[in-house]
Ligand code: JFZ
């Protein structure tokens, strides 16, 4: 818990009003696509495979040698994201494995030196920008390949013996000051060579009392954030730089893989929950834990109904395609969003005066004064009670086809309204009713 006094420490001098303006599009857009793609996509068993299986650089080399994304078609990625109603994307330019999808002057460990022979980040930027999507970069602070990155608690070569002496022996030729410069140089490349970048997603901090973790001092977080703001004044930055003591040390919170129940706690904050289709972020061929369409919809609706964003992750294959399971999941979301996105974009949680009807969740557009009732269980009675809504609404319709829904005051409790619903549920997993509010 950060005390309010400490939280007043500032790195820059932006006012609250300026920040609100800068964040406006992001809050309105609500829904984005995360893309985790790298050499680990070839191993196809988790983006942490290098760490999980304690593979050294030599042992990992085969994934670099094999990398050949012959089906990579970023226009197709962008079209799939856009069809699903996603408004922005965030691509891993470098994940913990250290491999860079972009053409960096500061390393040979990059896509142009593989069979891909080109800057894949540039192609992503061009394709997504052309479709009107906002552009985000994920950049890993951790680096399990760089020779100057010190071996710590979270590293493939972390020692079994946790004594300071064994860490010191492993790190005698490693220099974090040089690694910090490497990060500044690469982030400068990313933020100067690709035009306007809308989001930077830095990942992640793990400060430890025993000194074998990493946080703001190891990353040089304050200096890094100043550099980022100087190069891209409009950019939106996540909260994983370990700058919690600064009021402007982050733009949004990042509740990761949390349940929809937990999202209720984030009301009133600025946040984006990041979620996977299947559990792993990188392509994991044999994973059998794919979320259902209903679970994905619930994440999207619950995020909006608690005033936050959802960034849903795709892990493309080593050939550069979204696999069929991801494609099917996106197709189902497209079907729902085509008809119901008005209940997501520019929406947030409803004022407390509106109680959610049975088995429903509410979203609310303050500008248009519309309330959206997401029907998790379609009533087989043909009736839906709107509790305490008498006098509060002037019109009701399904959102998907704008067909009128008739209502009248309840006979038993005149505060309530009773909506008449058709016997046949509209062809959406979770149909949405739009209520026009009288004020
Ligand atoms: C990180 C990565 O390690 C992971 O591979 C993926 O990229 C994800 C989006 O972010 O995972 C984290 C980072 C921070 C926390 C948990 C998982 N955390 O602070 O709880």
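Values as computed for the structure displayed
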quantity: Condition met for residue 185 (over 30 Å from residue 321 (Cβ atoms) and touching a residue at least 60 places away in the same chain (Cβ under 8 Å)); calculated: yes
quantity: Top-ranked residue in the stretch 256-279 [being without any contact (Cβ under 8 Å) to a residue 24 or more places away in the chain and within 11 Å of the ligand (Cβ to nearest atom); ranked as farthest from residue 298 (Cα to Cα)]; calculated: 256
quantity: Residue in the stretch 50-68 that is over 30 Å from residue 268 (Cα atoms), within 14 Å of the ligand (Cβ to nearest atom) and touching a residue at least 60 places away in the same chain (Cβ under 8 Å) present; calculated: yes
quantity: Pick from the stretch 205-221, criterion surrounded by 15 or more Cβ atoms within 10 Å (Cβ to Cβ) and part of a loop (DSSP other than H, G, I, E, B), ranking: farthest from the ligand (Cβ to nearest atom); calculated: 220
quantity: Failed item, numbered, when residue 102 is tested on (1) part of a helix (DSSP H, G or I); (2) touching a strand residue (DSSP E or B) at 6+ places or on another chain (Cβ under 8 Å); calculated: (1)
quantity: Residue in the stretch 186-197 that is within 16 Å of the ligand (Cβ to nearest atom) and within 25 Å of the chain's Cα centre (by Cα) present; calculated: no
quantity: Residue in the stretch 136-151 that is free of Cβ contacts under 8 Å to residues at least 40 places away in the same chain and either part of a strand (DSSP E or B) or not assigned by TED's automatic domain parsing to the domain that holds residue 192 (or both) present; calculated: no
quantity: Residue within the stretch 163-176 that is farther than 28 Å from residue 54 by Cα and in contact with a helix residue (DSSP H, G or I) (Cβ under 8 Å, 6 or more places away or on another chain) present; calculated: no
quantity: Any hit, the stretch 165-185, residues being within 23 Å of residue 144 (Cβ to Cβ) and within 16 Å of the ligand (Cβ to nearest atom); calculated: no
quantity: Selection within the stretch 240-255 - over 18 Å from residue 31 (Cα atoms) and within 11 Å of the ligand (Cβ to nearest atom); calculated: 240, 242
quantity: Of all residues in the stretch 227-238 being in a loop (DSSP other than H, G, I, E, B) and within 18 Å of the chain's Cα centre (by Cα), the one that is nearest to the ligand (Cβ to nearest atom); calculated: 238
quantity: Odd one out for residue 6, checked against (1) away from the ligand (no atom under 16 Å from the Cβ); (2) within 27 Å of the chain's Cα centre (by Cα); (3) at pLDDT below 95; calculated: (2)
quantity: Only one of 12, 85, 42, 59 that is more than 18 Å from the chain's Cα centre (by Cα), surrounded by fewer than 23 Cβ atoms within 10 Å (Cβ to Cβ), assigned to a loop (DSSP other than H, G, I, E, B) and modelled with pLDDT of 95 or more; calculated: 12
quantity: Selected residue [surrounded by 14 or more Cβ atoms within 10 Å (Cβ to Cβ) and in contact with a strand residue (DSSP E or B) (Cβ under 8 Å, 6 or more places away or on another chain)] from 395, 378, 407; calculated: 407
quantity: Out of 39, 101, sole residue that is in contact with a helix residue (DSSP H, G or I) (Cβ under 7 Å, 6 or more places away or on another chain), within 15 Å of the ligand (Cβ to nearest atom) and closer than 18 Å to residue 197 by Cβ; calculated: 101
quantity: Options 329, 356, 339; residue that is over 19 Å from the mean Cα position of the chain (by Cα), away from the ligand (no atom under 16 Å from the Cβ) and in contact (Cβ under 8 Å) with a residue 24 or more places away in the chain; calculated: 339
quantity: Answer from 202, 263, 224, 241 - the residue that is part of a strand (DSSP E or B) and surrounded by 20 or more Cβ atoms within 10 Å (Cβ to Cβ); calculated: 202
quantity: Flag if residue 317 is assigned by TED's automatic domain parsing to the domain that holds residue 192, within 16 Å of the chain's Cα centre (by Cα), away from the ligand (no atom under 16 Å from the Cβ) and part of a loop (DSSP other than H, G, I, E, B); calculated: no
quantity: Contacts under 6 angstrom Cβ, first residue in the stretch 114-132 being touching a residue at least 24 places away in the same chain (Cβ under 8 Å), partner surrounded by 15 or more Cβ atoms within 10 Å (Cβ to Cβ) and in a loop (DSSP other than H, G, I, E, B), 6 or more apart; calculated: 114/67; 115/68; 116/69; 120/101; 121/101; 121/102; 125/194
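The values are calculated or read from the model by the stated rules, or taken from the named source; none is laboratory data. What you see is a predicted model; the values in this text were computed from it and never measured. Ideal geometry is used to build each Cβ from the backbone, glycine not excepted, and the neighbour counts take in all protein chains shown.
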